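Note sheet for the following structure.
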Amino acid sequence: MNSDLFPVTSMLLHVAAAGGLGWVVGYERYFNGRASGTQVYCLVCMASCALTQVAGYPAYWYGGLPGEALQVNPIAVMTSVLTGIGFLGAGIIVKSGTSVRGLTTAASIWASSAIGILVGVEFLELAVGLTALFALCMVAVPAIERRLPAHAAMAATLRYAEGTRPRRDDLLAYLKKRRLHMVQDSLSLSFDGKAFELRFAVYADSSSQYRSISRVAGDLSEIPEVSSFNLEQTSRA
(Lines give C-alpha, C1' and ligand atoms only; values in the text may rest on other atoms or scores of the structure.)
Protein backbone atom coordinates (compact mmCIF):
# COMPACT_ATOMS: atom_id res chain seq x y z
CA MET A 1 0.00 0.00 0.00
CA ASN A 2 1.20 3.49 -0.73
CA SER A 3 2.72 5.09 2.38
CA ASP A 4 0.73 8.26 1.88
CA LEU A 5 -2.09 7.98 4.43
CA PHE A 6 -3.91 11.15 3.39
CA PRO A 7 -6.39 9.34 1.09
CA VAL A 8 -7.22 6.87 3.87
CA THR A 9 -7.72 9.64 6.44
CA SER A 10 -9.94 11.53 4.02
CA MET A 11 -11.92 8.40 3.20
CA LEU A 12 -12.49 7.56 6.88
CA LEU A 13 -13.79 11.08 7.49
CA HIS A 14 -16.21 10.68 4.60
CA VAL A 15 -17.29 7.25 5.89
CA ALA A 16 -17.87 8.65 9.38
CA ALA A 17 -19.94 11.49 7.92
CA ALA A 18 -21.98 8.99 5.92
CA GLY A 19 -22.59 6.99 9.10
CA GLY A 20 -23.82 10.12 10.86
CA LEU A 21 -26.20 10.99 8.05
CA GLY A 22 -27.40 7.40 7.92
CA TRP A 23 -28.15 7.60 11.64
CA VAL A 24 -30.30 10.69 11.12
CA VAL A 25 -32.44 8.87 8.55
CA GLY A 26 -32.57 5.69 10.65
CA TYR A 27 -33.54 7.52 13.83
CA GLU A 28 -36.69 8.82 12.14
CA ARG A 29 -37.68 5.18 11.53
CA TYR A 30 -36.72 4.20 15.09
CA PHE A 31 -38.62 7.12 16.62
CA ASN A 32 -41.81 6.07 14.83
CA GLY A 33 -41.54 2.44 15.94
CA ARG A 34 -40.62 1.12 12.52
CA ALA A 35 -38.27 -1.63 11.43
CA SER A 36 -34.97 -0.92 9.64
CA GLY A 37 -33.47 0.80 12.66
CA THR A 38 -30.50 3.10 12.80
CA GLN A 39 -27.86 0.35 12.85
CA VAL A 40 -29.04 -0.88 9.44
CA TYR A 41 -28.87 2.60 7.94
CA CYS A 42 -25.45 3.34 9.45
CA LEU A 43 -23.90 0.07 8.29
CA VAL A 44 -25.23 0.25 4.75
CA CYS A 45 -24.45 3.95 4.40
CA MET A 46 -20.85 3.58 5.64
CA ALA A 47 -20.12 0.49 3.55
CA SER A 48 -21.52 2.12 0.41
CA CYS A 49 -19.48 5.26 1.03
CA ALA A 50 -16.27 3.29 1.63
CA LEU A 51 -16.59 1.37 -1.63
CA THR A 52 -17.46 4.51 -3.56
CA GLN A 53 -14.41 6.25 -2.10
CA VAL A 54 -12.16 3.33 -3.06
CA ALA A 55 -13.40 3.50 -6.65
CA GLY A 56 -11.97 7.03 -6.85
CA TYR A 57 -8.42 5.95 -5.99
CA PRO A 58 -7.51 3.20 -8.49
CA ALA A 59 -3.83 4.15 -8.26
CA TYR A 60 -3.77 2.76 -4.70
CA TRP A 61 -5.41 -0.61 -5.49
CA TYR A 62 -3.35 -3.71 -4.73
CA GLY A 63 -0.55 -1.70 -3.17
CA GLY A 64 -0.19 0.69 -6.11
CA LEU A 65 -0.12 -1.91 -8.89
CA PRO A 66 0.28 -0.22 -12.31
CA GLY A 67 -2.97 0.22 -14.20
CA GLU A 68 -1.81 -1.85 -17.16
CA ALA A 69 -1.16 -4.80 -14.81
CA LEU A 70 -4.83 -4.95 -13.76
CA GLN A 71 -6.24 -7.68 -15.96
CA VAL A 72 -9.64 -7.73 -14.19
CA ASN A 73 -11.88 -4.77 -13.44
CA PRO A 74 -12.09 -4.72 -9.60
CA ILE A 75 -15.34 -2.71 -9.70
CA ALA A 76 -17.07 -5.56 -11.55
CA VAL A 77 -15.81 -8.00 -8.92
CA MET A 78 -17.03 -5.75 -6.09
CA THR A 79 -20.47 -5.46 -7.67
CA SER A 80 -20.78 -9.22 -8.06
CA VAL A 81 -19.72 -9.87 -4.47
CA LEU A 82 -22.10 -7.29 -3.00
CA THR A 83 -25.01 -8.57 -5.09
CA GLY A 84 -24.39 -12.14 -3.97
CA ILE A 85 -24.06 -11.19 -0.31
CA GLY A 86 -27.26 -9.17 -0.65
CA PHE A 87 -29.18 -12.32 -1.55
CA LEU A 88 -27.65 -14.08 1.45
CA GLY A 89 -28.79 -11.28 3.74
CA ALA A 90 -32.29 -11.29 2.29
CA GLY A 91 -32.68 -14.91 3.39
CA ILE A 92 -32.09 -13.91 7.01
CA ILE A 93 -34.90 -11.35 7.14
CA VAL A 94 -38.08 -12.88 8.57
CA LYS A 95 -41.51 -11.27 8.91
CA SER A 96 -43.68 -12.68 11.67
CA GLY A 97 -47.05 -10.98 11.97
CA THR A 98 -46.32 -7.28 12.34
CA SER A 99 -42.71 -7.86 13.43
CA VAL A 100 -39.66 -7.91 11.17
CA ARG A 101 -36.56 -9.77 12.38
CA GLY A 102 -33.05 -10.07 11.03
CA LEU A 103 -32.63 -6.67 9.37
CA THR A 104 -29.62 -5.65 11.44
CA THR A 105 -27.97 -9.04 10.96
CA ALA A 106 -28.57 -8.91 7.21
CA ALA A 107 -27.15 -5.38 7.01
CA SER A 108 -24.09 -6.34 9.07
CA ILE A 109 -23.40 -9.33 6.79
CA TRP A 110 -23.67 -7.17 3.69
CA ALA A 111 -21.58 -4.40 5.25
CA SER A 112 -18.90 -6.84 6.40
CA SER A 113 -18.39 -7.86 2.78
CA ALA A 114 -17.17 -4.30 2.18
CA ILE A 115 -14.43 -4.90 4.76
CA GLY A 116 -13.34 -8.02 2.91
CA ILE A 117 -13.27 -6.12 -0.38
CA LEU A 118 -11.18 -3.32 1.12
CA VAL A 119 -8.67 -5.83 2.46
CA GLY A 120 -8.67 -7.52 -0.94
CA VAL A 121 -7.62 -4.34 -2.72
CA GLU A 122 -5.10 -3.66 0.08
CA PHE A 123 -6.81 -0.68 1.68
CA LEU A 124 -5.88 -2.14 5.07
CA GLU A 125 -6.05 1.10 7.09
CA LEU A 126 -9.48 1.90 5.70
CA ALA A 127 -10.67 -1.67 6.41
CA VAL A 128 -9.51 -1.42 10.03
CA GLY A 129 -11.10 2.02 10.44
CA LEU A 130 -14.36 0.82 8.90
CA THR A 131 -14.39 -2.21 11.22
CA ALA A 132 -13.99 0.11 14.22
CA LEU A 133 -16.85 2.29 13.00
CA PHE A 134 -19.05 -0.78 12.47
CA ALA A 135 -18.31 -2.01 16.00
CA LEU A 136 -19.07 1.45 17.39
CA CYS A 137 -22.34 1.50 15.46
CA MET A 138 -23.43 -1.91 16.77
CA VAL A 139 -22.52 -1.22 20.41
CA ALA A 140 -22.87 2.51 20.99
CA VAL A 141 -25.91 3.38 18.86
CA PRO A 142 -28.42 1.19 20.80
CA ALA A 143 -27.05 2.54 24.10
CA ILE A 144 -27.53 6.12 22.91
CA GLU A 145 -31.02 5.47 21.58
CA ARG A 146 -32.21 3.97 24.87
CA ARG A 147 -31.78 7.47 26.30
CA LEU A 148 -33.68 9.20 23.48
CA PRO A 149 -37.48 9.47 23.12
CA ALA A 150 -39.18 7.05 20.75
CA HIS A 151 -42.56 5.52 19.97
CA ALA A 152 -42.82 1.93 21.19
CA ALA A 153 -45.00 0.14 18.65
CA MET A 154 -47.23 -2.70 19.87
CA ALA A 155 -49.57 -5.16 18.16
CA ALA A 156 -52.92 -5.24 19.95
CA THR A 157 -55.66 -7.86 19.56
CA LEU A 158 -58.99 -7.01 21.20
CA ARG A 159 -61.65 -9.69 21.59
CA TYR A 160 -65.08 -8.19 22.14
CA ALA A 161 -67.75 -9.74 24.32
CA GLU A 162 -70.42 -11.76 22.52
CA GLY A 163 -73.27 -9.60 21.32
CA THR A 164 -71.15 -6.45 21.09
CA ARG A 165 -69.68 -4.85 17.99
CA PRO A 166 -66.48 -2.79 17.73
CA ARG A 167 -67.00 0.83 16.77
CA ARG A 168 -63.94 2.27 15.09
CA ASP A 169 -64.71 5.92 15.85
CA ASP A 170 -65.36 5.18 19.52
CA LEU A 171 -62.12 3.24 19.79
CA LEU A 172 -60.13 6.03 18.10
CA ALA A 173 -61.65 8.59 20.43
CA TYR A 174 -60.84 6.38 23.43
CA LEU A 175 -57.22 5.98 22.36
CA LYS A 176 -56.80 9.66 21.48
CA LYS A 177 -58.07 10.70 24.91
CA ARG A 178 -55.31 8.60 26.47
CA ARG A 179 -52.63 9.87 24.05
CA LEU A 180 -52.40 6.53 22.28
CA HIS A 181 -52.07 6.46 18.50
CA MET A 182 -53.38 3.77 16.17
CA VAL A 183 -51.46 3.11 12.97
CA GLN A 184 -54.27 3.55 10.46
CA ASP A 185 -53.15 1.01 7.86
CA SER A 186 -52.80 -1.73 10.51
CA LEU A 187 -56.49 -2.12 11.40
CA SER A 188 -58.18 -5.46 10.65
CA LEU A 189 -61.40 -7.11 11.85
CA SER A 190 -62.46 -10.75 12.12
CA PHE A 191 -65.55 -12.63 13.37
CA ASP A 192 -65.60 -16.32 14.37
CA GLY A 193 -69.38 -16.66 14.65
CA LYS A 194 -69.42 -15.72 18.31
CA ALA A 195 -67.34 -12.64 18.88
CA PHE A 196 -65.48 -9.93 16.96
CA GLU A 197 -61.72 -9.54 17.09
CA LEU A 198 -60.01 -6.28 16.27
CA ARG A 199 -56.29 -6.18 15.46
CA PHE A 200 -54.17 -3.06 15.03
CA ALA A 201 -50.80 -1.50 15.83
CA VAL A 202 -50.67 1.19 18.48
CA TYR A 203 -47.95 3.32 20.02
CA ALA A 204 -47.64 5.60 23.02
CA ASP A 205 -45.48 8.68 23.51
CA SER A 206 -42.92 7.33 25.95
CA SER A 207 -39.16 6.97 26.16
CA SER A 208 -39.55 3.67 28.01
CA GLN A 209 -40.92 0.69 26.11
CA TYR A 210 -41.70 -1.12 29.38
CA ARG A 211 -43.76 1.79 30.68
CA SER A 212 -45.48 2.04 27.29
CA ILE A 213 -46.58 -1.60 27.35
CA SER A 214 -47.77 -1.36 30.96
CA ARG A 215 -49.67 1.83 30.24
CA VAL A 216 -51.32 0.54 27.05
CA ALA A 217 -52.30 -2.73 28.78
CA GLY A 218 -53.96 -0.78 31.57
CA ASP A 219 -55.87 1.44 29.15
CA LEU A 220 -57.08 -1.45 26.97
CA SER A 221 -58.30 -3.39 29.99
CA GLU A 222 -60.70 -0.53 30.80
CA ILE A 223 -62.65 -0.77 27.53
CA PRO A 224 -66.07 -2.11 28.69
CA GLU A 225 -66.89 -4.16 25.56
CA VAL A 226 -63.53 -5.96 25.46
CA SER A 227 -63.56 -9.41 27.11
CA SER A 228 -59.86 -10.13 26.55
CA PHE A 229 -56.86 -8.72 24.72
CA ASN A 230 -53.32 -9.56 23.67
CA LEU A 231 -50.46 -7.09 23.45
CA GLU A 232 -46.93 -7.66 22.14
CA GLN A 233 -43.92 -5.55 21.25
CA THR A 234 -43.55 -5.24 17.51
CA SER A 235 -41.70 -3.41 14.76
CA ARG A 236 -43.13 -2.34 11.42
CA ALA A 237 -41.18 -1.67 8.24
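The values are calculated or read from the model by the stated rules, or taken from the named source; none is laboratory data. Note that the structure is predicted; figures quoted are calculated from it, not measured. All Cβ positions, glycine included, derive from the backbone under ideal geometry; neighbour counts span all protein chains shown.
Kindly indicate whether any position in segment 109-117 is of a type in the set (Val, Ile, Thr), in contact (Cβ under 8 Å) with a residue 40 or more places away in the chain and touching a strand residue (DSSP E or B) at 6+ places or on another chain (Cβ under 8 Å).
no
So which of 132, 127, 114 is part of a helix (DSSP H, G or I), of a type in the set (A, V, I, L, M) and more than 22 Å from the chain's Cα centre (by Cα)?
When all the criteria are applied, what remains is 127.
Taking residue 184 as the residue in question, decide whether it is modelled with pLDDT under 85, farther than 30 Å from residue 109 by Cα, in contact with a strand residue (DSSP E or B) (Cβ under 9 Å, 6 or more places away or on another chain) and surrounded by fewer than 17 Cβ atoms within 10 Å (Cβ to Cβ).
yes
Yes/no matrix, rows are residues, columns are (1) assigned by TED's automatic domain parsing to the domain that holds residue 187; (2) under 21 Å from residue 82 (Cα atoms); (3) touching a Phe, Trp or Tyr at 6+ places or on another chain (Cβ under 6 Å); (4) among the hydroxyl-bearing types (Ser, Thr, Tyr):
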| site | (1), (2), (3), (4) |
| --- | --- |
| 104 | no, yes, no, yes |
| 115 | no, yes, no, no |
| 122 | no, yes, yes, no |
| 129 | no, yes, no, no |
| 135 | no, yes, no, no |
| 141 | no, no, no, no |
| 160 | yes, no, yes, yes |
| 164 | yes, no, no, yes |
| 170 | yes, no, no, no |
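In segment 195-216, which residue that is touching a strand residue (DSSP E or B) at 6+ places or on another chain (Cβ under 7 Å), over 15 Å from residue 177 (Cα atoms) and modelled with pLDDT under 85 is surrounded by the most Cβ atoms within 10 Å (Cβ to Cβ)?
212
Residue 120: surrounded by 15 or more Cβ atoms within 10 Å (Cβ to Cβ), farther than 26 Å from residue 24 by Cα and at pLDDT below 85, yes or no?
So residue 120 passes the test.
For segment 28-44, how many residues are more than 9 Å from the chain's Cα centre (by Cα), part of a helix (DSSP H, G or I) and at pLDDT below 80?
Count: 2.
Yes or no: residue 156 at pLDDT below 85 and in contact with a Leu (Cβ under 7 Å, 6 or more places away or on another chain)?
no
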